[in-house]
Amino acid sequence: MLAARLGLDYVDSGATYRAAALKVLESGIEPDDEAAVADAIGNAEIHFATDPSGSRLFLDGQDVTAKIRTAAVTLTAAKVSRLPEVRRKLVALQRSLAQGRGVVMEGRDIGTVVFPEAPLKIFLKADPEERARRRHHEDQHEGRSTTLEQTAYEIGRRDQLDAERKISPLVAAPDAFEIDSTLISAEQVVERIADLARKRLGNYRLTIAD
């Protein structure tokens, strides 16, 4: 929504880690075998495409947009994302996706590691219960069978793993604008960030649809 509002492309960096996790699972590789995981990712083709339904993720020519949202992929992604060589390869990929153009990139280390010089950084948060409710609703809408309790556990576990990892831990960039979305809608979040973009990025020639 925000990317469309700003006239920019959208990149979900977390999806690249999920694609890597799916590659690991389908290849039968142990997620803690750094050399094997890095080699598999190095030989994988990961790219995004946009169609009327939104952003789609492709792994080795196959649309895996739905497949990367399973519980197994979620937990495996948290494990492989702690491996330094994996992060090095995927950070390079993420940077290449924005080369020569402006993007709205979402992820847990974008403002601190991938693009520390980004002209506008947002740290978006919400209460754990609300995050679990939103993810559970999304899972149901997309036909994935989950319970609210399981969803809450997976979110909490991933947060813990990401916050405790030594490489690129989950932390807000010092110059990021923090927005708590617990009690506001997605549309209101978009409006707040678009307003910040008007003030901070006017010289970047954004095409903002008022």
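With every atom except the alpha carbons ignored, what do you get for Rg and Dmax of the chain, in angstroms?
Cα only, the chain: 17.0, 49 Å (Rg, Dmax).
Rounded to the nearest 20 debye, what is the charge dipole size of the chain about its Cα centre when +1 sits on each Lys and Arg Cβ and -1 on each Asp and Glu Cβ?
Details: 30 positive and 34 negative charges, 97 e Å.
For this selection, approximately 460 debye.
Give me the one-decimal Kirkwood hydrodynamic radius in Å for region 118-210, with the sum taken over alpha-carbon pairs. Present the calculation step by step, with values, prior to reporting the outcome.
Values: mean 1/r = 0.0644 Å⁻¹.
By the Kirkwood definition, the hydrodynamic radius is 15.5 Å.
Rounded, prolate or oblate: which fits region 166-205 when a ≥ b ≥ c are the square roots of the eigenvalues of the alpha-carbon gyration tensor, with rounded for a/c under 1.5 and prolate only if a/b beats b/c?
Values: a/c = 2.99, a/b = 1.24, b/c = 2.40.
Cα axes put region 166-205 in the oblate bin.
So between Asp32 and Leu148, what do we pick up on full extension, going 0.36 nm a residue minus the alpha carbon distance? Walk me through the numbers before you get to the answer.
Values: separation 116, 0.36 × 116 = 41.76 nm, distance 2.85 nm.
Taking Asp32 through Leu148 to full extension adds about 38.9 nm, to one decimal.
As a footprinting exposure proxy, order Val24, Val73 by other Cβ within 10 Å, with the fewest listed first. Numbers along the way, then the final one.
Working: Val24 24, Val73 20.
If I rank by nearby Cβ atoms, fewest first, I get Val73, Val24.
Across region 49-65, in residue order, what do the Karplus-derived ³J(HN,Hα) couplings come to in whole Hz, using 6.51 cos²θ - 1.76 cosθ + 1.60 with θ = phi - 60° and x for Gly and Pro?
8, 10, 10, x, 7, x, 7, 10, 10, 10, 10, 6, x, 10, 6, 10, 3
Convert each backbone phi in region 75-80 into a coupling constant with the Karplus relation 6.51 cos²θ - 1.76 cosθ + 1.60 (shift: θ = phi - 60°), then list the ³J(HN,Hα) values in order as whole Hz, x for Gly and Pro.
Karplus-based 3J(HN,Hα) across region 75-80 equals 5, 5, 4, 5, 6, 5 Hz.
Take the alpha-carbon centre of region 119-151, take the same for region 33-87, and report the distance between them in whole Å.
19 Å
Can you work out ³J(HN,Hα) from phi for every residue in region 185-196, in order, using Karplus 6.51 cos²θ - 1.76 cosθ + 1.60 and θ = phi - 60°, giving whole Hz and x for Gly and Pro?
Once θ is set to phi - 60°, the couplings for region 185-196 become 7, 4, 4, 5, 4, 4, 5, 5, 6, 4, 5, 5 Hz.
Laboratory data are not the source of any read-out in this text; all were calculated from the coordinates shown. This is a predicted model, so every value here is computed, not measured. All Cβ positions, even for glycine, are placed from backbone atoms using ideal geometry, and neighbour counts span all protein chains on display.
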